[in-house]
Amino acid sequence: HKMSADDDDLKIEKYQDFLEFDWNHEDWKQYLEGLYPVPRGRQLMKFRKKWYKRHVDADFDETWEPPDENEPQGDGGSAPSGGGDYYYGSGPSASSSSSGAASASGGGGGAGAGLGKGKSGEEEAMTLQDLLTGPYADGTVWKTMRQKATLCLLSYAVSLVLAIASFARAFPPGQAMLALNFCFFLELLAKYGLNLKSDYVQKLLVDEVGVMPLMGFTLILPGGAEYIRILSVVPFFLTAALSLGQLSENHPTAPPWVRETFGPLANSVARYRIREYRAHAELLLLFVLTVGIFTGAAAPFAILLYANFMVMRHMMSPWTQNSCRQLDKALDPICGQFPGLKILYPWAKKKLYSFVDPEARKNSSFCTIL
């Protein structure tokens, strides 16, 4: 027992040395630049451990993990008992469903086609789930960006207050949306800067906030009823809340009350729920805009742009796929009780799914704007 305790103490000590290692080391940076796609999240930690054992400490146990007493547990499917965070490509199951339009198998396959490059040994091929975690998805990058993190934190705080005021009709929702989009641009600029590399756009699109400016472009057009504009702010508000949580949790000099108040938003269970609610809000907005065309509350061009955005969203996001599945589970039993809808609903479902099915889109003349 004493020997076992000594071994554990030694492993803890070595693991602490590993965590405190300066990862700005030139040899590590050169090794990391040679990996494609660039590993992120848990995948990055695996590469770090292997490199550390090979080049720094040969006695380091790369398979040992410290016990985590604060590990988040499952909550009715909210978070599995392994902890960790959820990103695009993880979270709700993306397995195929018997419902045509709600099935996620086609969308997932379409997003993953040709993204990975196979490698052997340590530079193993990354799955779509690994790629779609997005750079800096865990938020730890903010620990090394003091001034930029402060600017982004303040910008998000002010913009979220303006968004809340727009919900109470005390501030124009269009201007609140512009303020939130400015924050998204600011965050992307702080993380990635500006360059003309071929993978730059791909990195932006798989980031948590990367697609939000595209969504903003589809909704910022003039016209439309006020209630639609207020509903349009909701997805932006929820995405900004995700970023505010990570900034508050990882800001190197944030006051304790900021970390205690907004830090819980960075918790894996909270992030899961926020992403789930955002997907529901985006899908609801699609139906509201569609109905708005016939009532004169929305412009036809706005629904065309937003529908294109949702096609892309469905292909990349299992959260959107999961919302479609839940909607189908609710509608299918109801429509099955009426003779006309019993035939019309499966046809409409199949037609809608053809917009996100990769094979169907190859043979289609449907105009994709985004």
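General remarks:
- Taking every Cα-Cα distance in the stretch 172-230 and sorting them into 5 Å bins starting at zero, the pair-distance distribution P(r) comes out as 4, 17, 26, 21, 14, 10, 6, 3, 0 percent.
- Relative contact order of the stretch 160-277, defined on C-alpha pairs under 8 angstrom at six or more residues apart (%): 25
- Calculated FRET efficiency for the pair Leu341/Leu304, C-beta based, R₀ 30 Å, to 0.05: 0.70
- Pair Leu221, Ile164: separation of 7 Å Cα→Cβ label points (nm): 3.3
- Solvent accessible area, Å² - Arg273, 1.4 Å probe, full protein context: 70
- Averaging the Cα positions of each part gives two centres, and for the stretch 199-255 and the stretch 177-194 these lie 9 Å apart.
- Rounded to whole numbers, the Karplus 3J(HN,Hα) couplings from phi for the stretch 162-168 are 5, 5, 4, 5, 5, 5, 8 Hz, using 6.51 cos²θ - 1.76 cosθ + 1.60 with θ = phi - 60°, and x at Gly and Pro.
- Residue pairs, from the table Lys29/Lys191; Lys50/Lys203; Lys29/Lys197; Lys53/Lys148, whose Cα atoms sit over 22 Å apart: Lys50/Lys203; Lys53/Lys148
- Based on C-alpha pairs under 8 angstrom that are at least 6 apart in sequence, the stretch 224-317 has a relative contact order of 32 percent.
- Vicinal HN-Hα couplings computed from phi for the stretch 317-324 (Karplus, 6.51 cos²θ - 1.76 cosθ + 1.60; Hz; Gly/Pro x): 10, x, 5, 5, 4, 5, 5, 5
- Computed FRET value (nearest 0.05) for Gln30 with Arg259, which takes r as the C-beta separation and R₀ as 41 Å: 0.75
- Length gained on full extension, Trp64 to Gln326: 90.4 nm, using 0.36 nm per residue less the C-alpha separation.
- Segment Gln202-Ala157, extension gain: residue separation times 0.36 nm, minus the distance between their alpha carbons: 13.4 nm
- Sequence-ordered 3J(HN,Hα) estimates for the stretch 11-17 from the Karplus curve with 6.51, -1.76 and 1.60 and θ = phi - 60° stand at 5, 5, 5, 5, 5, 5, 4 Hz, glycine and proline given as x.
- With each label modelled as a point 7 angstrom along the Cα→C-beta vector, the Trp23-Lys46 pair spans 1.6 nm.
- The solvent-accessible area of Thr144, taken with every protein chain present and a 1.4 Å probe, is close to 120 Å².
The values are calculated or read from the model by the stated rules, or taken from the named source; none is laboratory data. Fair warning: this is a prediction, and the values are worked out from it, not measured in the lab. When we count neighbours, we look across all protein chains shown, and the Cβ atoms used for this are built from the backbone with ideal geometry, even at glycine. Ligands, DNA and RNA are excluded from the accessible area calculation, which covers all protein heavy atoms including side chains. Shrake-Rupley method; radii C 1.70, N 1.55, O 1.52, S 1.80 Å.
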